[in-house]
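What follows is a short report on a single structure.
Only the coordinates and a few stated rules stand behind these numbers; no lab work does. Bear in mind the structure is a predicted one, so any value in this text is a computation, not a measurement. Backbone-built Cβ (ideal geometry, glycine too); neighbour counts: all protein chains shown.
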Amino acid sequence: MRCSSRIALAALFAFVPTLCAYAHPHVFISSHVAVDFEGTVLARVSVEWTFDELFSQMIIADYDKVSKGSFTEAEAMALKKGAFDNLKNYHYFLAFFIDGKKLTLPPIRDFRPTIMDGRLVYSFSLSLELPITAKLTELRITIYDDTYYVAFDKTNQNDIEIHSADAVAAEVSIEKTKVKPEWPGQFMPDQIVLRMKRK
Amino acid sequence: MSRHSTVAMRRLAATAILVLCVMYAGAESPNPFTSSGGPSRMSAPASGGIAVLAPVLRAMTDRLAELARQVRESNSPGPMLTLALISLAYGIFHALGPGHGKTIVSTFFLAEEAKLRHSLIAGYLIALVHAVSALAIVLTLFFIVQGVFSTGFESASRIVQTLSFGAIAVIGAVMLVQRIRGVEHSHAPGKGHTHDHSHADDQDGEPRQVTFKELFGIALASGVVPCPGASAIILVCLSLNVLLAGIVAVVMISIGMGMTVTVIGSTAILVKRGVLKASSGGHGGGARIVRRIVEIAGASVLFAFGLSLFVAQLI
């Protein structure tokens, strides 16, 4: 009797590993982020996503019909409508926090799909127009799909670029998120952190 | 058996069921890129574990597409064999995520009286249904509909998924009614009006066993929704003109998924068996009550799961 209850418990624990696999990804993206300054204003954040082979080939097969290897203007438009615009329902997997406060997502601009070495690449930008003062400003960026259909590769410091920061002192790092998890064991993606000050 | 340990056993049974339910309450989310409408209301955030698994899945996904190209360019069987092996591994790992019939199979086996071999049969029936369904949907979209595949696939999946959830709700409802009414013997015709006293003779009789028809029903309902990964690999093979590689890949992915589902089903059967055994060796009044609790809970979760997802699909 003692023994069989132990067997039952052991069987229960056999389930625990599957707990770790609560949601599972189908699409994989490595992202690259560029931050552009204009004088003392953080003008825009440009995002570039490179997709995994399987998703790339599916989308390329669907939309790259005319001149193989690149999208024509019309193809890019069709692709935007069919395989990008719906991301507005997912906040384009982006969240910006300025000094701890979540920002309403600025509109998406300059969306452009390309093909690089057989991989599908999406690039687009967001105008932040954030003035940088003598006081230290902290911008945190999260790139994450909380339905986990899409898994983003872990961001490295090398994936972040800063352009024309002549009038601003800016420091980049990858840090643990400050957002609290809703349940224990929940995956919380790291954030890109920029600390900026006018020179 | 002392009264005290019966209570402990009931608690254990309740915990087991709760753990099962919480663990698998999830469904396949829509593709955020190619679907329309917002995210699935039933999708859950990822755990730390899957984030560890993600690079493995990513490596497999990239390798599958690469191998499909190699199959076309090479005359040797090497790439095809590797494609088969990686597809199998992809199926096993991938099916650990939500969807893929795990909630359905585990609650089904809690509610049914089944032997371990039944979970094997269920796993392979699901694999068969999945492979046939994924191939049929992809080939239809590719050759007959000929529209934008990625969008067409999302719409087709959604319809199939809605039908599958509806079927699961119906199966769950039928099982729930049967368990509540105490129908235990499939070979006892006209027993719909079961009286308590008629059960007194059956105490030690063999309880009814799951039939092939029931296993096929549950396999059809849960296996019919095509996995987006499996479908993408068929499509890639089609556009590379190596359909055979696509068929091999999807069959192996399905077998891998079937293996995972078999393990889940077996575990549900073992949990139930362990709980029943622990309550006075599976016999006597205590065990009968525990059995009923487990079976009614299993059928209830199956019904609630199917119904809630069916409704979530419609709104």
* Structure fact -> In nanometres, the difference between 0.36 nm per residue of separation and the alpha-carbon distance of residue B:52 and residue B:81 is 7.7 nm
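Taking K and R as +1 and D and E as -1, what net charge do the other residues with C-beta under 15 Å from the C-beta of residue A:73 add up to?
+1
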* In nm, give the distance between the simple-model label positions of residue B:216 and residue A:190, each being 7 Å from the Cα along the Cα-to-Cβ direction. => 5.3 nm
* Which residue, A:125, A:164, A:46, tops the fluctuation ranking in a GNM of chain A built on C-alpha contacts under 10 Å? -> A:164
* Simple label model, 7 Å out from Cα along Cβ direction - residue A:167 to residue A:199, nm -> 1.1 nm
* **Spread of Cα-to-Cα distances over 5 Å intervals beginning at zero, given as percent, for chain A** => 1, 6, 13, 16, 16, 13, 11, 8, 5, 3, 2, 2, 1, 1, 0, 0
* Three-way shape label, region B:229-315, alpha-carbon gyration tensor, a/c 1.5 -> oblate
* Asked: With +1 on each Lys and Arg Cβ and -1 on each Asp and Glu Cβ, how big is the dipole of region A:22-198 about its Cα centre, in debye rounded to the nearest 20?
  -> 540 debye
* To do: Whole Å is fine, so just give me how far the alpha carbon centre of region B:238-255 lies from that of region B:137-167.
  => 18 Å
* **Lysine pairs with alpha-carbon atoms under 22 Å apart, chain A, spacing 8 or more or separate chains** => 26
* Mean-position separation - Cα centroids, region A:131-170 and region A:25-82, in angstrom -> 19 Å
* Asked: Dipole size in debye (nearest 20) for region B:58-148 around its Cα centre, Lys and Arg Cβ +1, Asp and Glu Cβ -1?
  -> 80 debye
* Asked: Using unit Cβ charges (K, R positive; D, E negative) and no other charged atoms, how large, in debye to the nearest 20, is the dipole of region A:101-199 about its Cα centre?
  -> 500 debye
* To do: Using R₀ = 30 Å, calculate the FRET efficiency as 1/(1 + (r/R₀)^6) where r is the Cβ-Cβ separation of residue A:109 and residue A:134; round to 0.05.
  => 0.55
* To do: Express as a percent, rounded to the nearest 5, the fraction of DSSP beta bridges in region A:22-198 (both residues included) that run antiparallel.
  => 85 percent
* Gaussian network model of chain A, Cα springs within a sub-10 Å range: biggest mean-square fluctuation belongs to which of A:57, A:157, A:186? -> A:186
